[in-house]
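**Q** This is the structure I want to talk about, given as structure tokens.
Bear in mind that the values in this text are calculations on the coordinates, not laboratory data. Bear in mind the structure is a predicted one, so any value in this text is a computation, not a measurement. Ideal geometry is used to build each Cβ from the backbone, glycine not excepted, and the neighbour counts take in all protein chains shown.
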Amino acid sequence: MQSARTDTRYYTLDFWRGIACLLVVAFHSSFYLIENPKIAKPEGIGRLAYMAMDHAWVGVPMFFVISGYCITAACIGAARRGFKPGDYFLRRFRRIYPPYWIAIVMFLLLCGVLAITRLDWLLFDEIHPFKRPFSLSWVQWCGNLTLTEVWRPNVVGNEDVRFFLGVAWTLCYEEQFYLVCGLLMWLSPRHLFRNCLWVTVAIGLPILYQTATTGVGNHQSGFFFDGRWLEFACGIGVYYQIHHAGKNPALWKKHLLSGSLLIAFVFTLITWSIQKYGILEELFVSSFFAMLLIALFRFDRIWFSGKIWRGIWICGTMCYSFYLVHAMSVKVLSNLLFRAGIEGLWMTAFVTLPVCIVFAAALSWPFHCLVERRCLNTKPVDFDIIFSRNQDHAKSAYALPSPQSE
């Protein structure tokens, strides 16, 4: 479990969080283009721009890979201090649930205001509408508030999965990943990587067999073993490859993980292109992104010192606030812009997307300062120090666990 490096910080992960977050916001801002049946798909170079917006969901598997890396780092740190399950799970709860609940209350108030002013059509029109609060049963609300809704129908209640805050489905998988890692640490703190490997093999082999033999689409169960654990496992692999694989004297052991990621990438690319097999789209992205993180780690300190990335870095640092706040805000704004005549491919790309991103960032910053920062398990990032000219001072001050790492 001991790392070959004393500093296991991946400094530019906040940059990649920012990229992933901006991709998700761009995806949700473009619904009036990509989900509007009245707008035909463009041809030529416009087709590429359309596909880019239609596939901006890739930010989600990128988040899963980053979470895999960061929670692995948090588990390793907890093991060095003497792993305490209660402290581990309390930190996860504090980090995720209070901001999420406050965001739900905010949007319930927004729904009430829009209903009173008869502007609720901004959220509940025909293009990717939100769910009305009273359309959710008490069981569905319990699933929403506990972040169990994605798998709740498999255990209790006959109601279908329904989210009030749509992005919460990803948090359901995050919570499952935190739970599994916590249990593995509790059972055997000194063998986290070995135990995660066995879980990955147990989940990956059935998916591999089903894909290779039948090509039947993946029936999402909502549990981590439906395949999404593999996306988090890519992040675990990145941490192991960067900080632990170098200690192995055998050359094949040093490159075993990188080779496995490459095989996973090629397999998912070939199979997905032929069969369009459910989860393989996300596995394709996560395996490629994991290899990219491993390859770019050698340039980590160089990128860290570049002030040009400051805006994206700030978005990455407040990415949880961005993630919670943006959905309804960009829905309302993109709806208003669409009804004002801002439609079509290029108007969406050059007007709607940047306006929605700036608007969502402007709302996310006060939420981050007033809500999220109070729930952090580590000291908030000081950007004046991060982007200081004295980079040695900046790196020393920033060599703390990221607020999002736990």
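**Q** Highest mean first, what order results for 124-135, 56-67 on Cβ atoms within 10 Å?
**A** Numbers: 124-135: 13.9, 56-67: 24.2.
Descending packing order for the listed peptides: 56-67, 124-135.
**Q** How much of the calculated P(r) for the stretch 83-129 lies past 14 Å, in percent of all Cα pairs?
**A** Numbers: 706 of 1081 pairs.
Pairs farther apart than 14 Å: 65 percent.
**Q** Name the residues whose placed amide hydrogens come within less than 5 Å of the amide hydrogen of Asp125, ignoring near sequence neighbours (fewer than 5 apart) on the same chain.
**A** Phe130
**Q** Can I ask one more? Which FRET efficiency value, to the nearest 0.05, do you get for Ala40 and Leu336 by plugging their Cβ-Cβ distance into 1/(1 + (r/R0)^6) with R0 = 22 Å?
**A** Working: r = 23 Å, r/R0 = 1.06.
Given R0 = 22 Å and the Cβ-Cβ separation, E is 0.40.
**Q** For the pair Arg310 and Leu48, what calculated FRET efficiency results from E = 1/(1 + (r/R0)^6), where r is the Cβ-Cβ distance and R0 = 25 Å, to the nearest 0.05?
**A** Values: r = 29 Å, r/R0 = 1.16.
Approximately 0.30, to the nearest 0.05.
**Q** In debye to the nearest 20, how big a dipole does the stretch 72-194 give about its Cα centre with +1 on each Lys and Arg Cβ and -1 on each Asp and Glu Cβ?
**A** Values: 14 positive and 9 negative charges, 171 e Å.
Computed charge dipole of the stretch 72-194: roughly 820 debye.
**Q** At 0.36 nm per residue, minus the direct Cα-Cα distance, what do Ile127 and Phe93 gain on full extension? Give it in nm, one decimal, please. Provide the component values of the computation, followed by the final result.
**A** Details: separation 34, 0.36 × 34 = 12.24 nm, distance 3.37 nm.
Gain on extension, Ile127 to Phe93, equals 8.9 nm.
**Q** Here's a follow-up. What FRET efficiency, computed as 1/(1 + (r/R0)^6) with R0 = 30 Å and r the Cβ-Cβ distance, is obtained for Thr146 and Ile302, rounded to the nearest 0.05? The partial results should precede the final answer.
**A** On the way: r = 43 Å, r/R0 = 1.43.
Step by step, r from the Cβ atoms, then E = 0.10.
**Q** Still on this structure: Need the full-extension length gain, Trp57 to Arg194, defined as separation in residues times 0.36 nm minus the C-alpha distance. One decimal, nm. Before the final figure, lay out each step's value.
**A** Values: separation 137, 0.36 × 137 = 49.32 nm, distance 3.11 nm.
Going from the current span to full extension adds 46.2 nm.
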